[in-house]
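J.: Sending over a structure as structure tokens; questions will come in a sec.
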Amino acid sequence: MHQMTDDIQEVLFSEERLAEIVSKMGAKISEDYKDKNLLLVSILKGSVVFMSDLMRSVTTPCSIDFMAVSSYGSGMKTSGVVKIIKDLDINLKGYDVLVVEDILDSGLTLSYILELLQAREPKSIRLCTLFDKPDRRTVGIKADYVGTVVPDEFIVGYGLDYDEKYRNLPFVGILKPEVYGG
Ligand code: PRP
Ligand code: MN
Ligand code: MG
């Protein structure tokens, strides 16, 4: 039987390592937002696993909401167009918004979201990403919280997909190039 793990060249972050990174981020966020009105905004689908772990590492009261956007579709490269698939339910006025992303790559998705949400006049807005690939940035954007910097490899797992698959891998690994015809 074909296993997802057969398609992985190398494990970059084990479940244990991811748990360490995420709990450290949660502790920092809890400290920084202890007197604020925190709203965690998860950008679906990629951030679903990170969000569910991060929110349980946050010890201060917070609200959560979700927004679904897509710029990659099934391809390997960003299409350059960010499509909103599901918008937020909560009105951002009075909230200290923290946008939760799985990966900051070209920066296109986050810069689009940041501009869109800023226009809704939250009390404050900051960005949090589990992974940062600074080498690939085409838009001038920086996250306020970064779990870890990653090399310019095609990584999957822990929410990150290739062609909508591998999101359910509990670790993060490099996809074998033959899987995407590379
Ligand atoms: C991926 C990833 C980030 C974005 C990062 O999302 O989850 O949201 O791309 O890339 P960028 O910095 O170059 O914009 P994708 O569009 O693949 O949608 P998904 O989260 O549903 O997989
Ligand atoms: Mn995404
Ligand atoms: Mg994707």
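J.: Which number in (1) more than 13 Å from ligand 3 (Cβ to nearest atom); (2) in contact with an Asp or Glu (Cβ under 9 Å, 6 or more places away or on another chain); (3) within 19 Å of TYR145 (Cβ to Cβ) marks the one condition that SER111 misses?
T.: The one condition SER111 does not meet is (2).
J.: Could you check region 41-69 and list, in sequence order, the residues that are in contact with an Asp or Glu (Cβ under 8 Å, 6 or more places away or on another chain) and more than 15 Å from ligand 1 (Cβ to nearest atom)?
T.: ASP65
J.: If you go through region 111-120 one residue at a time, do you hit one that is part of a helix (DSSP H, G or I) and surrounded by 20 or more Cβ atoms within 10 Å (Cβ to Cβ)?
T.: Scanning region 111-120 turns up at least one residue that is part of a helix (DSSP H, G or I) and surrounded by 20 or more Cβ atoms within 10 Å (Cβ to Cβ).
J.: Then there's this: Taking PHE50, is it closer than 28 Å to VAL139 by Cα, within 16 Å of ligand 2 (Cβ to nearest atom), of a type outside the set (Lys, Arg) and surrounded by 16 or more Cβ atoms within 10 Å (Cβ to Cβ)?
T.: yes
J.: Here's another thing I want to ask about it. Please verify whether LEU44 is within 17 Å of the chain's Cα centre (by Cα), at pLDDT 95 or above, within 20 Å of TYR95 (Cβ to Cβ) and within 16 Å of ligand 3 (Cβ to nearest atom), treating the condition exactly as stated.
T.: Judged against the criteria, LEU44 is a match.
J.: Now a separate question. Starting from residues that are part of a helix (DSSP H, G or I) and among the β-branched types (Val, Ile, Thr), keep the ones in region 1-44 and report whichever is surrounded by the most Cβ atoms within 10 Å (Cβ to Cβ).
T.: ILE29
The values are calculated or read from the model by the stated rules, or taken from the named source; none is laboratory data. All figures in this text were calculated on a predicted structure; none of them were measured in a lab. So basically every Cβ, Gly included, is an ideal-geometry build from the backbone, and we count neighbours across all protein chains shown.
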